[in-house]
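Shown next, in structure tokens, is the structure this report addresses.
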């Protein structure tokens, strides 16, 4: 399976890591396109584990640092867990993620996966151990 280059980090990321929904059910789902499930989930970094959940994908090292979850047909929410980081316009309160994450970024376009978002992912990953 082909991956996608993660910004300018040099890392290759599986499309699964950006919010595949209904894991294990890739046909006849309520979303407009079916999809192929990857053979493995080794993507972000060798020390990062991607864990499929009921309707989301969790990223963790020693503890979870990010959670990708489709929230609507057109929006993916990326929850991030920081030890101490202020909220902002784009990096907002965790909302429905509750205690699992401290912050949330709403993604509606691929272009929103930019250097700023990659930096937040790296920071959350580093803080997770």
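Listing for the model above:
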| item | result |
| --- | --- |
| So residue 20, is it modelled with pLDDT of 60 or more, over 23 Å from residue 126 (Cα atoms) and part of a loop (DSSP other than H, G, I, E, B) | no |
| Qualifying residue in region 98-106 (condition: part of a helix (DSSP H, G or I) and either touching a helix residue (DSSP H, G or I) at 6+ places or on another chain (Cβ under 8 Å) or surrounded by 13 or more Cβ atoms within 10 Å (Cβ to Cβ) (or both)) | yes |
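The values are calculated or read from the model by the stated rules, or taken from the named source; none is laboratory data. Keep in mind that this is a model prediction, so the values were computed, not measured. For neighbour counting, all protein chains shown are included, and Cβ atoms are generated from backbone atoms with ideal geometry for every residue, glycine included.
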